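Worksheet: the structure to be examined is printed underneath.
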Amino acid sequence: MMSRTVETAGTPVTADNVTAFIEDIFIRRGGEAYLGEEVTMAEHMLQAAQLGAQAGADEELVAAALLHDIGHFTGDLGSFTMADRVDRRHEQAGAALVAAFFPDAVRDCVRWHVAAKRYLCAVEPDYLTALSAASRHSLQLQGGPMSAAEVAAFAPQPNLAGILQVRRWDDEAKVPGRRTPAFRHYIPLLERLVKAGPSHAT
């Protein structure tokens, strides 16, 4: 495995311990409320991964759905609350972790899932009205719907289809009481992807 080490939340993370590091986050902090919704953080991320698996998505997209909000736990700015007046940029914090260990498609879906919301609000008239109240609040902190120039700049993303699909699973993964596999179900998948590593790794 890669020898790269990333300092995340005060912990040295390597390819050898990254899945254990993420599992520990789910155990310790997954029970926290999810951004003004009626599910916990772990329920939300596990539901997103389940939606990906049920859709027959490839492993990279399932992993991206599972990890898309990991930056709420690993970022220096903490988790979003409904009282926030500034964006905490959790997508950047999450991408900083996964970029070191996972294939680039996983990184891109994590890094751009917030931008994907802004993009979809701009290009699909009904998308904004379907967002939850919490998601609309965070949208305003994140810059609101993209301008025409931003849409044109974002559209050529090489993994755009996957990014938008993970975003849609993100929006759907807010159902109280939905049964999902536990995090450990995904450990073999994550370990396979870590072994593959990012395509830009040396």
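The values are calculated or read from the model by the stated rules, or taken from the named source; none is laboratory data. Only a predicted model underlies this, so the values are computations on that prediction, with no experimental measurement involved. Note: ideal-geometry Cβ built from the backbone for every residue, glycine included; neighbour counts use all protein chains shown.
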Inspect the stretch 60-68 for any residue being under 21 Å from E191 (Cα atoms), modelled with pLDDT of 95 or more, over 11 Å from the mean Cα position of the chain (by Cα) and crowded, with 18+ Cβ neighbours inside 10 Å and give the result as yes or no. yes
The stretch 109-196: helices (runs of 4 or more DSSP H) wholly inside it with 2 or more residues that are without any contact (Cβ under 8 Å) to a residue 40 or more places away in the chain are 127-130, 133-141, 148-154, 160-172
Subset of the stretch 28-76, residues assigned to a helix (DSSP H, G or I) and small (G, A, S), comes to A42, A48, A49, G52, A53, A63, A64, A65, G71
**A83 being surrounded by fewer than 19 Cβ atoms within 10 Å (Cβ to Cβ), hydrophobic (A, V, I, L, M, F, W, C) and modelled with pLDDT under 90** = yes
If we keep only residues of the stretch 36-58 that are in contact with a Gly (Cβ under 9 Å, 6 or more places away or on another chain) and more than 25 Å from H137 (Cβ to Cβ), then the residue surrounded by the most Cβ atoms within 10 Å (Cβ to Cβ) is A57
Being in contact with a strand residue (DSSP E or B) (Cβ under 9 Å, 6 or more places away or on another chain) and either within 19 Å of L193 (Cβ to Cβ) or hydrophobic (A, V, I, L, M, F, W, C) (or both) narrows A100, A105, A155 down to just A100
When every residue in the stretch 9-31 that is under 16 Å from the mean Cα position of the chain (by Cα) and either over 13 Å from T74 (Cβ atoms) or of a type in the set (S, T, Y) (or both) is compared, the one surrounded by the most Cβ atoms within 10 Å (Cβ to Cβ) is T19
Condition set modelled with pLDDT under 70 and of a type in the set (G, A, S), scope the stretch 69-80, selection farthest from T11 (Cα to Cα): answer is S79
